[in-house]
1. Using only helices, what value at 222 nm comes out for the chain when you add -39,500 (n - 2.57) per DSSP H run of length 4 or more and divide by the total residues, to the nearest 500 deg cm²/dmol?
2. With a cut-off of at most 10 other beta carbons within 10 Å, and DSSP calling the residue loop, which trypsin sites (Lys or Arg not before Pro) in the chain qualify? Please list them.
3. Order of 17, 27 from fewest to most other C-beta atoms within 10 Å?
4. Between [x] 59; [y] 73; [z] 68, which matches percent of Cα pairs over 14 Å apart calculated for the structure shown?
5. Quick one: order 1, 34 by neighbouring beta-carbon count within 10 Å, fewest to most.
6. At R0 = 30 Å, how high is the FRET efficiency between residue 32 and residue 8 if r is their beta carbon distance? Nearest 0.05 is fine.
7. Normalising by the residue count of the chain, find the relative contact order in percent from Cα pairs under 8 Å and 6+ residues apart.
8. Please rank 22, 2, 61, fewest neighbouring Cβ atoms within 10 Å first, as an exposure proxy.
Amino acid sequence: MIGLFTRIYVLVIVAVSLAALIYVYASPPPSLQMTRDGVPFFTPPVAHPETGEPLDLGELIRNYKGE
């Protein structure tokens with residue numbers, strides 16, 4: 001009897017997880033979208049090409065675009 005409840009619980013968790021992933025993929029929240037330059041909002045810092053210091057990717061793109 002306990003094995004049946006465990007299997008049902010696991011199936012429910014898997015179904016909820018898949019539904020959440022499909023929802024986020026189908027209509028991503030604004031926090032997962034991109035800027036006008038095509039940079040995702042949650043991008044980790046990148047290394048500056050000359051000095052190696054961490055830079056915001058958007059700042060690096062604006063520098064190369066001449067803005």
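1. Mean residue ellipticity at 222 nm (helix-derived): -17000 deg cm²/dmol.
2. The qualifying sites are 36.
3. 27, 17
4. Working out percent of Cα pairs over 14 Å apart from the coordinates points to [y].
5. With the fewest neighbours first, 1, 34 line up as 1, 34.
6. E(calc), rounded to 0.05, equals 0.40.
7. Dividing the mean separation by the residue count of the chain yields 16 percent.
8. 2, 22, 61
Each reported figure results from applying straightforward, stated rules to the coordinates on display, with no laboratory input. Predicted, not measured: the structure shown is a model, and the values here were computed from it. All Cβ positions, even for glycine, are placed from backbone atoms using ideal geometry, and neighbour counts span all protein chains on display.
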